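A short reminder: the numbers here are calculations on the coordinates, not readings from a lab. The structure presented is a predicted model; accordingly, all values stated were derived computationally and were not measured. Here Cβ is always computed from backbone atoms with ideal geometry, including for glycine, and neighbour counts include all displayed protein chains.
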Amino acid sequence: MARPIKETPILFGEDARRFEARMQEKRTESAEARSRRLQNYALAMQMMEAGKNVVMTTRPMTLTDAYRILDK
């Protein structure tokens, strides 16, 4: 049985200031990382549309694994 979700803590003082400053920082993404992320997203959408169930494994799924699942 699932455990109940705890309440989200409220930040005060220095913790709140650090959190706010971190949220305002612009995060950059390399062109290579963006391309890889978008390719993985498109592949995941293809798998969902094809109705393929993906079983979680002990190792990360490679693109080869994903294409193999789509071909079956």
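Taking only the C-alpha atoms of the chain, Rg followed by Dmax gives 19.3, 55 Å. Net charge around GLU14, counting only other residues with Cβ within less than 14 Å of its Cβ (Lys, Arg = +1; Asp, Glu = -1)? Neighbourhood net charge equals +1.
For region 1-46, the set of GluC sites (Glu not before Pro) satisfying both a DSSP loop assignment and a count of at most 11 other C-beta atoms within 10 Å is given as GLU7, GLU25, GLU29. Helices meeting the span-like rule in the chain (full DSSP H runs, Cα extent of at least 18 Å along the helix axis, mean Kyte-Doolittle score of -1.0 or higher): 31-49.
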